[in-house]
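*Asks:* Pasting a structure below so you can have a look.
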């Protein structure tokens, strides 16, 4: 069995206040990608800002229908790597809060 046949997850770490906004942005972008290419299950972003699409089996898809502006948004939000799109019934992305150290109150002498 290959790794492509099983869903994989990736994590975005943001400030706690941005969790909901980031989750919504990732979902909205995934919906737009799938609207252009219904078979897309994952995106690949290269270091040269190239964007590719994979189906659920890990096969490369034709990106001719992927709008250049949408590809740029994908590259900017995701960064270099391979990302499962958070689709219905597939987790894809988890958004977590960045570590925020507790600040000890300063005690005046």
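The values are calculated or read from the model by the stated rules, or taken from the named source; none is laboratory data. Every value quoted in this text rests on a predicted model; they were computed, and no experiment measured them. Cβ sites come from the backbone with ideal geometry, for glycine too, and all protein chains shown count toward neighbours.
*Asks:* So residue 88 fits all but one of (1) over 18 Å from residue 14 (Cα atoms); (2) in contact with a strand residue (DSSP E or B) (Cβ under 6 Å, 6 or more places away or on another chain); what number is the exception?
*Replies:* Condition (2) is where residue 88 drops out.
*Asks:* State whether one or more residues within segment 75-86 are in a loop (DSSP other than H, G, I, E, B) and exposed (fewer than 10 other Cβ atoms within 10 Å of the Cβ).
*Replies:* So the first thing to find is which residues in segment 75-86 are in a loop (DSSP other than H, G, I, E, B), and the list is 79-80, 85-86.
If we keep only those that are exposed (fewer than 10 other Cβ atoms within 10 Å of the Cβ) too, we end up with none.
No, because not a single residue in segment 75-86 is in a loop (DSSP other than H, G, I, E, B) and exposed (fewer than 10 other Cβ atoms within 10 Å of the Cβ).
*Asks:* Hey, any hits in segment 34-53 for a residue that's touching a helix residue (DSSP H, G or I) at 6+ places or on another chain (Cβ under 6 Å), modelled with pLDDT under 90 and not in a strand (DSSP E or B)?
*Replies:* Checked against the condition, which is being touching a helix residue (DSSP H, G or I) at 6+ places or on another chain (Cβ under 6 Å), modelled with pLDDT under 90 and not in a strand (DSSP E or B), segment 34-53 yields at least one hit.
*Asks:* Continuing with the same structure: Which of the residues spanning segment 54-103 are under 14 Å from the mean Cα position of the chain (by Cα) and on the phi > 0 side of the Ramachandran plot?
*Replies:* Residues of segment 54-103 that are under 14 Å from the mean Cα position of the chain (by Cα), as a first pass: 54, 70-87, 90-96.
Listed by number, the residues that qualify are 79, 81, 92.
*Asks:* If you don't mind, another one. Can residue 59 be described as surrounded by 11 or more Cβ atoms within 10 Å (Cβ to Cβ), free of Cβ contacts under 8 Å to residues at least 40 places away in the same chain and either closer than 18 Å to residue 10 by Cβ or touching a helix residue (DSSP H, G or I) at 6+ places or on another chain (Cβ under 9 Å) (or both)?
*Replies:* Numbers: surrounded by 11 or more Cβ atoms within 10 Å (Cβ to Cβ): yes; free of Cβ contacts under 8 Å to residues at least 40 places away in the same chain: yes; either closer than 18 Å to residue 10 by Cβ or touching a helix residue (DSSP H, G or I) at 6+ places or on another chain (Cβ under 9 Å) (or both): yes.
Yes; evaluated as a whole, the condition is true for this residue.
*Asks:* Of the conditions (1) outside any loop (DSSP other than H, G, I, E, B); (2) surrounded by 17 or more Cβ atoms within 10 Å (Cβ to Cβ), residue 66 clears all except one; give me its number.
*Replies:* (1)
*Asks:* Check residue 71 against each of (1) part of a helix (DSSP H, G or I); (2) crowded, with 17+ Cβ neighbours inside 10 Å; (3) at pLDDT below 90 and name the one condition it does not meet.
*Replies:* Among (1) part of a helix (DSSP H, G or I); (2) crowded, with 17+ Cβ neighbours inside 10 Å; (3) at pLDDT below 90, residue 71 violates only (3).
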